[in-house]
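The values are calculated or read from the model by the stated rules, or taken from the named source; none is laboratory data. Just so we're clear, the structure is a prediction, and the values are computed from it rather than from any experiment. Using ideal geometry, Cβ is built from the backbone for each residue, glycine included, and neighbour counts are taken over all protein chains shown.
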Amino acid sequence: MKIRLVLLESDKSYLNRIVSAFNTKYADKLEIYSFTEEDTALAALQKYHADVFLAGEAFQIDRAKLPEGCGFAYLVETHDIESFHGETALCKFQKAELIYKQVLSIFSDQASAITGMLHNAAGGRLIGFFSAAGGNGSTTAAVAFAVYLARKGKKTLYLNLETFGRTDLFFHGEGPGSFEDVIYAVKSKKGNLYLKMESSVKRDVSGVYYFSGASTALEMKELKMEEKKRILRELMTSCDYEYIVLDLDFSLSEETFSLLCECAQIVMVSDGSRISNDKAARMLFALNILEQQNDFKLMLRMGILYNRFSSTTSRKLEGWEIREIGGIRRYEGYGLEQLVQELSKLPAFDHLMQGGFL
């Protein structure tokens with residue numbers, strides 16, 4: 001299925017450039033019709049059953065003449081205009097990728113049920129990171145693993161579902177969307193979740209895809225477990241990510257257990273301190289009970305990654321048959337970006353990528 005896009009623009013040179021860019025990058029996703037005359041464009045909307053209509057600001061479009069279900073926005077010349085003649089406005093002088101994402105967003109807002117969009121039959125591999133104790137660096141390890149995968153040429157999405165997570169501390173990319181748009185889409189229970197995610201996702205210079213965080217932790221707190229699972233399943237089946245690195249809060253609940261069951265592999269991060277080991281042991285004991293109650297062997301998928309491990313203050317967890325992924329030494333005097341780059345070179349991540357543990 002392709003989105004049928006009608007473009008109306010008096011600047012023929014610009015029109016040729018944007019159509020060429022769209023055809024080069026999105027020929028499998030967009031069916032494009034371009035015009036310089038308003039009457040011809042309006043007739044094409046009906047003839048081709050257009051999904052999205054973009055018109056230059058030189059025109060004043062009568063909304064009543066647009067087909068039902070056709071999304072609409074004006075193409076304007078500056079970034080600081082959000083609406084024009086009472087309609088959505090998007091800047092025409094930006095990367096084709098960003099305009100395409102806004103087309104997706106407009107389309108998804110109009111669509112009530114979308115099917116047949118880029119189904120990935122193989123599905124992405126979901127790898128979860130969490131810690132039983134705060135401050136052990138599970139987020140930094142998860143980010144570093146995502147960067148490692150992207151460096152290997154794997155299309156990778158980093159997804160932070162922590163209540164207080166701050167993805168934008170690690171990744172930076174262009175685009176107006178955020179995870180709030182995804183939350184709204186999943187809560188509205190429309191069939192456009194895939195499109196909203198595609199229009200909101202960003203790409204870091206490292207190659208990792210990600211969502212900018214919600215503006216407040218309250219937005220994340222309102223996201224129910226079943227809604228989180230729907231987002232994950234949509235990402236794994238309808239999108240073409242090879243790996244999805246999931247950054248999680250941990251709580252002793254059947255809901256969290258159910259979410260962990262979606263993961264192909266689970267990484268528990270610990271610094272090996274006495275406090276961390278005690279909390280990890282108590283967590284594993286509780287998981288063992290939940291395994292028995294749910295008749296699902298979750299811990300067979302789990303391994304432990306020791307972070308900031310010290311030969312003088314850290315000890316490996318004893319008394320539990322949990323596989324060891326590897327260890328990360330302490331890095332002193334590193335900035336956040338430099339630290340992630342160093343961690344992404346760790347040999348322990350080779351075992352995760354291959355689906356095994358040490």
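For segment 162-191, the set of residues classified as surrounded by 19 or more Cβ atoms within 10 Å (Cβ to Cβ) and aliphatic (A, V, I, L, M) consists of 182, 183, 185, 186, listed by residue number. Across segment 160-183, not a single residue is classified as acidic (Asp, Glu), under 20 Å from residue 126 (Cα atoms) and in contact with a His (Cβ under 8 Å, 6 or more places away or on another chain). Restricting attention to segment 33-82 and to residues that are surrounded by 15 or more Cβ atoms within 10 Å (Cβ to Cβ), within 27 Å of the chain's Cα centre (by Cα) and without any contact (Cβ under 8 Å) to a residue 40 or more places away in the chain, the residue that is farthest from residue 13 (Cα to Cα) turns out to be 71. Restricting attention to segment 237-253 and to residues that are assigned to a loop (DSSP other than H, G, I, E, B) and in contact with a helix residue (DSSP H, G or I) (Cβ under 9 Å, 6 or more places away or on another chain), the residue that is surrounded by the most Cβ atoms within 10 Å (Cβ to Cβ) turns out to be 248. Do you know which of the residues in segment 165-178 that are out of contact with any Ser or Thr (no Cβ under 6 Å at 6 or more places or on another chain) and modelled with pLDDT of 90 or more is nearest to residue 106 (Cα to Cα)? Once the filter is applied, the top-ranked residue is 173. List every residue pair whose Cβ atoms sit under 6 Å apart, with the two residues 6 or more apart in sequence or on different chains, where the first one lies in segment 243-269 and is under 15 Å from residue 349 (Cα atoms) and the second, anywhere, is modelled with pLDDT under 85. Final answer for the pair search is 244/124; 269/136; 269/307. Restricting attention to segment 136-155, the residues being more than 12 Å from residue 247 (Cβ to Cβ), in contact (Cβ under 8 Å) with a residue 60 or more places away in the chain and outside any helix (DSSP H, G or I) number 4. With respect to being crowded, with 16+ Cβ neighbours inside 10 Å, touching a residue at least 60 places away in the same chain (Cβ under 8 Å) and outside any loop (DSSP other than H, G, I, E, B), residue 101 fits the description.
Here segment 335-351 is the region considered, the condition is being part of a loop (DSSP other than H, G, I, E, B) and surrounded by 13 or more Cβ atoms within 10 Å (Cβ to Cβ), and the residue that is modelled with the lowest pLDDT is 346. Screening residue 256 with (1) closer than 21 Å to residue 198 by Cβ; (2) surrounded by fewer than 19 Cβ atoms within 10 Å (Cβ to Cβ); (3) of a type in the set (Val, Ile, Thr) gives one miss only, at (1).
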